[in-house]
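The values are calculated or read from the model by the stated rules, or taken from the named source; none is laboratory data. Every value quoted in this text rests on a predicted model; they were computed, and no experiment measured them. Here Cβ is always computed from backbone atoms with ideal geometry, including for glycine, and neighbour counts include all displayed protein chains.
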Amino acid sequence: MHNALRTALICLAAILTAFTASADLKKFMLVGYIYDQEWDSVDSCEVEIYKDDTVKVNFKLLTGNDATKTLSGNQLRALVNSGIGTYRISLFKDGYTPATTTFRIGSVSENTKYLRTIRMEKELTRKLNEVTVTGTRVKMVMKGDTVVFDAAAFQLGEGSMLDALVRQLPGATISSDGVIEVNGRKINELLVNGKDFFKGDPKVALQNLPAYTVKNLKVYDKADDDAYLTHSDSNADKLEDDQNLVMDVQLKKEYIKGWMANAEAGYGTRDRYMGRIFGLGYTDKLRISVFGNINNTGNSSQAGDNGQWWERSAENGINRVAMGGIDYSYKNGEETEFSGNLNYRHNDINEHEISSITRFYPSGDLYRRGELRRRTKGHTLRTDHDLNFRLKSLAFALMPSLEWSRNKTRTNNLTATFDTDPVENSRGEAIDSVFNATGPKLNDFRRHLLTSLQNLSVNDPENLHGRINTWTTIRPASWKGVVRVNLIGDI
């Protein structure tokens, strides 16, 4: 009897549980209307319904295309296959921002749910004038131990040369004599496509190579030419000051082969003039470059792109300069490479200075007049060459160089001291009258003349210096080490 009663109670509980679950899964009707902010009907919306904000609910759309869940008008009528819970309905339509509203079914007896009016906002669109979008290029990247600067990332004026580009590089500076430093370290060599370019005179490339031909600039510590035999980077065990830091100018592909040239000329007041020309030619194995420069501008300072003035040189007087040179590089595979250059420079500096000095003494003031004339003519001829041979077990290099210079200076220095301030009708009249014994005031000047001095000098030094540097590294296959012989001779 008791067993039968217990069985009946269990069956009744199961029936009630099944009935409750069935009731919780009942369907309900969802009704709503969609308008925009101006109370105009919005049709053809796509509909999505979620329960508890995460579970997508299955429903049958009665006012539109049920397959695509798209309304035909602005009325929403849908039969939702779910029960008690919190729901979220989302509406989508092109040209409108998505609209969302929430509601709750709190009882299984709630057969129909009427939604509040759903309002959708139109997306704001505005027709703009044509615009140009310019991407920002990365100025520099690190590739191993090499810093690579992207030339296209820097804004340069039309006609800028390589020096304008280098001055914009982060951490780079150029001195008046063309010495380049990057982050405080001196650049020992300026290369073009990995090869020497007017070795010993970086200003040739800085002032003549057009910036528009440059693709990028690489800064790295260059390994020794025989590093492939010594099996070392050759920089790992060197102090920073002993490493060979170089700047390698990589040209754009279209300028690696063929010929290019640029020229510049100008004429100004007081017969000032300048002109220069530069040419560069490439083949698969050979590179040749020539340049020429002539001017009488004296002070050749120029304004950099950052607004700062960069002093190249600032001699006194009128400085006439004539210079030119040729540079070559020939490479046949990896075994043979020849490079070198020949440069000539002529300076003619003409100085004329007139001075007036007053010295104050208790016993009486002294008045000094002076005139200085100095003429300096200089000639410099320099040539450097580098011959390299690299074989499997032997590397050989021969580097001869020769420099000749002559600078002749003539100086005529005149001074005269007077006990009264000489009254001059023109600058230099007192000096001219005293030393040339001419002029209407000659007697007046001589009457008050205390001392006069003329200093004539001629300095004509000539220098010739030559050097031959050669080294050989040998590493036979049967040897564990290497032999390196380095010979240097000076004349």
Discussion item. Given the condition in contact (Cβ under 8 Å) with a residue 24 or more places away in the chain, part of a strand (DSSP E or B), in contact with a Lys or Arg (Cβ under 9 Å, 6 or more places away or on another chain) and of a type in the set (D, E, K, R), answer yes or no: does some residue in region 49-56 qualify?
Written reply: yes
Worksheet item: Is it true that residue 467 is assigned to a loop (DSSP other than H, G, I, E, B), among the basic types (Lys, Arg) and surrounded by 10 or more Cβ atoms within 10 Å (Cβ to Cβ)?
Response: no
Practice prompt. Would you please name the residue that is nearest to the chain's Cα centre (by Cα), looking only at residues in region 375-406 that are acidic (Asp, Glu) and closer than 19 Å to residue 323 by Cα?
Written response: 384
Worksheet entry | Selected residue [modelled with pLDDT of 90 or more and touching a Lys or Arg at 6+ places or on another chain (Cβ under 7 Å)] from 451, 470, 411 | 411
Worksheet item: Taking region 248-280, which residues are more than 14 Å from residue 205 (Cα to Cα), of a type outside the set (A, V, I, L, M, F, W, C) and either surrounded by 13 or more Cβ atoms within 10 Å (Cβ to Cβ) or more than 28 Å from the chain's Cα centre (by Cα) (or both)?
Response: 252, 255, 264, 266, 267, 268, 269, 270, 271, 272, 273, 275
Worksheet entry | In region 211-230, residue farthest from residue 145 (Cα to Cα) [restricted to those that are at pLDDT 75 or above and part of a loop (DSSP other than H, G, I, E, B)] | 224
Item to complete: Select, from 460, 444, the only residue that is among the acidic types (Asp, Glu) and surrounded by 15 or more Cβ atoms within 10 Å (Cβ to Cβ).
Response: 444
Worksheet item: Can you find a residue in region 97-104 that is closer than 16 Å to residue 44 by Cα, surrounded by 15 or more Cβ atoms within 10 Å (Cβ to Cβ) and of a type in the set (S, T, N, Q)?
Response: no
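Among the residues that make up region 136-144, is at least one of them free of Cβ contacts under 8 Å to residues at least 60 places away in the same chain, among the hydroxyl-bearing types (Ser, Thr, Tyr), over 29 Å from residue 323 (Cβ atoms) and not in a strand (DSSP E or B)?
Yes, because at least one residue in region 136-144 is free of Cβ contacts under 8 Å to residues at least 60 places away in the same chain, among the hydroxyl-bearing types (Ser, Thr, Tyr), over 29 Å from residue 323 (Cβ atoms) and not in a strand (DSSP E or B).
Out of region 399-408, which residues are of a type outside the set (D, E, K, R) and buried (at least 16 other Cβ atoms within 10 Å of the Cβ)?
Within region 399-408, 399, 400, 401, 402, 407 meet the criteria.
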Worksheet item: So which of 361, 367 is modelled with pLDDT of 90 or more, part of a strand (DSSP E or B) and either surrounded by 15 or more Cβ atoms within 10 Å (Cβ to Cβ) or not charged (D, E, K, R) (or both)?
Response: 367
Practice prompt. Check region 301-313 and report whether any residue there is part of a strand (DSSP E or B), modelled with pLDDT under 90, in contact with a Ser or Thr (Cβ under 9 Å, 6 or more places away or on another chain) and surrounded by 15 or more Cβ atoms within 10 Å (Cβ to Cβ).
Written response: yes
Worksheet item: Considering only strands (runs of 3 or more DSSP E) fully contained in region 61-131, which possess at least 1 residues that are farther than 17 Å from residue 28 by Cα and either out of contact with any Gly (no Cβ under 7 Å at 6 or more places or on another chain) or touching a residue at least 24 places away in the same chain (Cβ under 8 Å) (or both)?
Response: 85-92, 99-105, 118-120
Fill in: Residue that is modelled with the lowest pLDDT [pool: residues in region 475-491 that are under 21 Å from residue 400 (Cα atoms) and assigned to a strand (DSSP E or B)]
484
Worksheet item: Does residue 401 fit the bill of being within 30 Å of residue 336 (Cα to Cα) and either among the polar types (S, T, N, Q) or part of a strand (DSSP E or B) (or both)?
Response: yes
Discussion item. For the structure I just gave you, tell me whether residue 428 is at positive phi and free of Cβ contacts under 8 Å to residues at least 60 places away in the same chain.
Written reply: no
Item to complete: Filter region 5-48 for residues that are in a loop (DSSP other than H, G, I, E, B) and either modelled with pLDDT of 85 or more or in contact with a strand residue (DSSP E or B) (Cβ under 7 Å, 6 or more places away or on another chain) (or both) and give the result.
Response: 27, 37, 42, 43, 44, 45
Worksheet entry | Given (1) modelled with pLDDT under 90; (2) surrounded by 14 or more Cβ atoms within 10 Å (Cβ to Cβ); (3) of a type in the set (A, V, I, L, M), index of the condition residue 326 fails | (1)
